[in-house]
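What follows is one structure encoded as C-alpha cells, with my remarks underneath.
Derivation of every value follows stated rules applied to the coordinates shown; laboratory data play no part. For clarity, every value in this text was computed on a predicted model and none was experimentally measured. Ideal geometry is used to build each Cβ from the backbone, glycine not excepted, and the neighbour counts take in all protein chains shown.
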Amino acid sequence: MKMTPLISFIIAYHNEPEALLKACLDSIHALPLEKDEAEILVVDDGSETPATSLCLPGGENISLPSGKFGGGRYIRQAQAGLSVARNTGISHAQGRYIQFVDADDCLIPPAYEAVIEQLRKGKADVVMFRMTKKQQNKFTIHNTQKKLPSEGKVWRGAGTSFLLHCNLRAAACAYAFRRETLGDLRFYPGLYHEDELFTPLLFLRAKSICDLDIAAYFYRQHSGTITHSVSQEKAQNRLNDIHFIINGLNNLGEPTLDRRIQQLTVDYLQKTWTLTSSFQVLRKRIRELRDEGLLPLPLRRYSLRYLFVATIANLL
C-alpha cells in the first residue's frame, strides 16, 4: 500500500538558470525526511527549453531522476503564469501538506527541520516561518539565526485570530499548509502579487496556525525576479492588480480581513509613489480609494510605516 507523503514540494519553473533549480532541489533533498515522506513536483510553465537535467527530450509529465525521495514529477505545460503553474502543482499533489518553493530560491534545511517537526505533529493547518535574503553557505544557518524557539515563543491560534491581531506575511512560500484546508481555493490567474489574495483567503479557512520565529527559506533577489521589474507598463499593471486585490477582499464584507485590507492599502499607496514618482498619479489613486470607501484609514499602530503613510494619505 502506497503511503501518503507528509509534504508535497511544488516548484514553479520558468526559464530560471538550471544551476539555481538544481540548488533548489538540493536544498529539498538535504531535508531530514524519509523517502516516502516527500514528493517533489516541478511545474515547467512553458520554458523556452525544458530543464535538460530533469527531463528527457520532449518529455512531459514524467518522473524525476533518481534522488532521495521516491515520489516526484516534472510537469511541463504551456506558459500560463505563476498562478496557473501553482494550481497545476496543487492538482497533482498527494501530500498531507503543501510547500511552495520558487525555482530560484532554496529552503534552509537546519531551520526547516523545525517546520517538519510541526508537520509531523499534524496539529496545525498552517506552519509559518521567516524568509531571509542572506546567502546561505551549504545550508548552514547564519550566525545570528535563532534556534528552534521554545513553545512559549511559538504563536498559535486560529487563522481568523491571526488576521485580527498579527501582521500577515503573505508570501505563499513562507508557510506550509494542510492540503485539505484549501477546499476549492486556488490562485487567481494572471495577477501580479497573487499571494496577497490567496494567503488571506487561506488563513480564513485555517483552524490552527503555528508561527515559528525562524528563517527557513532563502529568498534570492535578482533583476529577473517578477516583482522587481521597473518598466512603466508593468508598474501600472502591478498597481492595478493590487487595487483589484484590495477591492476583492473588501467586497467579501469579512471584518476579519479589515486589518489586512488597511495594510494592503498602505502598501498600494507606497508602491504608487515608489513605482511612478508622480504626485499626480498618487492623488488620482487616493481619490479612487476615497470614492470606494477605503479612505480615510484608521490610525493604528500596526507598524510605524503604516501609521506614517496612513497619516499622510488621510491629509492629501
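Some notes on this structure:
- Against the chain, whose longest principal axis is taken from its Cα atoms, helix 304-315 shows a tilt of about 40°.
- Mean sequence separation of contacting Cα pairs (under 8 Å, at least six apart), scaled by the length of region 229-315, corresponds to a relative contact order of 25 percent.
- Efficiency of FRET from Cβ geometry, Asn314 and Asp258, R₀ 22 Å, rounded to 0.05: 0.85
- Which listed pairs, of Lys133/Lys234; Lys35/Lys121; Lys234/Lys271, have C-alpha distances above 20 Å, in listed order: Lys133/Lys234
- Taking 0.36 nm per residue of separation and subtracting the Cα-Cα distance, full extension of the segment from Phe279 to Leu164 would add 38.2 nm.
- Calculated mean residue ellipticity at 222 nm for the chain: -12000 deg cm²/dmol, from DSSP H runs with n ≥ 4 weighted as -39500 (n - 2.57), summed, divided by the residue count and rounded to 500.
- For volume of the Cα convex hull per residue in Å³, the value calculated from this model appears in (i) 142; (ii) 251; (iii) 217 under label (i).
- Most positive-pole-ward Cα, Ile108, Ile40, Ile286, against dipole of the chain from beta carbon charges: Ile286
- Equivalent ellipsoid, region 236-290 (semi-axes from 5 times Cα gyration tensor eigenvalues, Å): 21, 10, 10
- Computed magnitude of the charge dipole of the chain (debye, nearest 20; Cβ of K, R +1, Cβ of D, E -1): 1000
- Listed peptides 15-25, 80-90 by packing density, highest first (mean Cβ within 10 Å): 80-90, 15-25
- Protection proxy ranking of 266-277, 284-295, 188-199, 97-108, by the mean of other Cβ atoms within 10 Å over each peptide's residues and highest first, is 97-108, 188-199, 266-277, 284-295.
- Sites Lys121 and Arg300, calculated FRET efficiency, Cβ-Cβ separation with R0 51 Å, nearest 0.05: 0.90
- Structural descriptor for the chain: relative contact order 17 percent, calculated from alpha carbon pairs under 8 angstrom and at least 6 residues apart.
- GNM result for the chain, Cα springs below 10 Å: residue of Ala216, Ala158, Ala78 fluctuating most strongly: Ala78
- Degrees between helix 232-250 axis and first principal axis of the chain (Cα, 0 to 90, nearest 10): 80
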